[in-house]
Amino acid sequence: MKIADPLAFFARVITAVVGLSFLLGIWYLAKDGFFKGGGWLWPAIGGMLLLGMLPLFGLLAKHRNQGVLVLWCRRFSESHLEVGKKNRWIWAVISEACRGVAVPVTIRDRSMTGSQSVGRSIQNPLSVVLIFIATPLWLWGMLWVLGFVDGSLPEFLVCMGGLVVYVFIFRGIAYLVGLVTTTMASHLGDPESIVERLRMIRKKRWYRRELDALRCTDENWKDCISAVLGEVDFVIIDNIDSSKSIEWEIGQSISRLGTDRVVMLVREGTEVPSEVAAVFFDSERADREIDSLHSTWGDDDFGEGTETGEYGKELSAMIREKITAVSSQSGPAGNLSGD
């Protein structure tokens, strides 16, 4: 049997194995009488553990939309580069503009991870459970190794080696959590599955993702964009940092959806086709806002949770106004494509 998304399948298997290992460990300790006595200690620890797992309920949280789908096109980058920082900020701007109205769709790159509503719900509890599993195993391993050595120097060397292992355990947990959450917070893109997925989203008035991030390859990204354009109602093209790929996406968007459903974010003075709506981007205000807020963005934050300032909110309002106008034209079904 062919697995449609091997990486997502792998991530789900890891999550299931970790959860099962944790439950088996609790069952073994309870059977062995580990939790007997202790008064308030174990209930308190259990309460803290449950508190750490509260984000799991985020999987049940759904965001209302009006059956409107929005494609966001932009220049690809990496999160630590200037374009990547801007992408993350604009991600937050577009998420706010679409909230309660539409579901934005984009192609994932290294400057973004995936849907926060999914990623956040998995990230914290998976980290907590892995730490609860790894720490006792590390301690047990240390005691087992120390049982084979004798003398101050060998014991010291074992302890130093154990400290190094302990550090790498936490680095490994961070890598594993990042792999699982970013994979499960996005969707493997191929044209057929994209069409099916977007039609499913349109039918649902409540959807648990605030943004649908598609993972595509260098070979099939154009086919994926074409598939998305066949289903969405509106396109936001970030042409602030233009490229050949962006130019291709502009042409395809206008050809497939018409000029009244395409809006471009451009720098002041940029030539825009007269029939296309433009939102002029104040680069200086945006750069100042990004520089002032960047230090508050965590490395593992998902973009919908990124903080914006006054200019970001203004930009969100302008984009939201255009999306809402399109939404009002679409009717209850939210289908502007005529399908």
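The values are calculated or read from the model by the stated rules, or taken from the named source; none is laboratory data. All values derive from a computational prediction rather than experimental measurement. Every residue, glycine among them, receives a Cβ derived from its backbone with ideal geometry; neighbour counts consider all protein chains shown. These accessible areas exclude ligands, DNA and RNA; they are computed on the full protein's heavy atoms, side chains included. Shrake-Rupley method; radii C 1.70, N 1.55, O 1.52, S 1.80 Å.
Below are the figures for this structure:
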quantity	calculated
Residue check, residue 119 within 30 Å of residue 282 (Cα to Cα) and modelled with pLDDT under 80	no
Flag for residue 221 being farther than 22 Å from residue 101 by Cα, exposed (fewer than 15 other Cβ atoms within 10 Å of the Cβ) and of a type in the set (A, V, I, L, M, F, W, C)	no
Residue 307 being part of a loop (DSSP other than H, G, I, E, B), open to solvent by 60 Å² or more (accessible area, probe 1.4 Å) and without any contact (Cβ under 8 Å) to a residue 40 or more places away in the chain	no
Residues of the range 276-314 satisfying the condition of being closer than 20 Å to residue 70 by Cβ and at pLDDT below 70	302, 303, 304, 305
Where residue 196 falls short, out of the listed (1) in contact (Cβ under 8 Å) with a residue 24 or more places away in the chain; (2) closer than 30 Å to residue 234 by Cβ; (3) open to solvent by 70 Å² or more (accessible area, probe 1.4 Å)	(1)
Selected residue (only one of 198, 163, 179 is in contact with an Asp or Glu (Cβ under 8 Å, 6 or more places away or on another chain) and part of a helix (DSSP H, G or I))	198
Residue 233, sole failed condition from (1) over 21 Å from residue 87 (Cβ atoms); (2) acidic (Asp, Glu); (3) open to solvent by 30 Å² or more (accessible area, probe 1.4 Å)	(3)
Filter result (assigned to a helix (DSSP H, G or I) and either at pLDDT 90 or above or of a type in the set (D, E, K, R) (or both)) within the range 201-234	202, 203, 222, 223, 224, 225, 226, 227, 228, 229
Every residue from the range 209-218 that is open to solvent by less than 20 Å² (accessible area, probe 1.4 Å) and among the basic types (Lys, Arg)	209
Members of the range 254-274 found to be touching a strand residue (DSSP E or B) at 6+ places or on another chain (Cβ under 9 Å), outside any strand (DSSP E or B) and among the charged types (D, E, K, R), listed by number	256, 260, 261, 268
Residue in the range 6-18 that is farther than 29 Å from residue 210 by Cβ, open to solvent by 60 Å² or more (accessible area, probe 1.4 Å), among the hydrophobic types (A, V, I, L, M, F, W, C) and at pLDDT 75 or above present	no
When residues of the range 85-100 are limited to those that are in contact with a strand residue (DSSP E or B) (Cβ under 9 Å, 6 or more places away or on another chain) and open to solvent by 10 Å² or more (accessible area, probe 1.4 Å), the one farthest from residue 204 (Cα to Cα)	86
When residues of the range 247-280 are limited to those that are of a type in the set (Ser, Thr, Tyr) and farther than 25 Å from residue 311 by Cα, the one least open to solvent (accessible area, probe 1.4 Å)	253
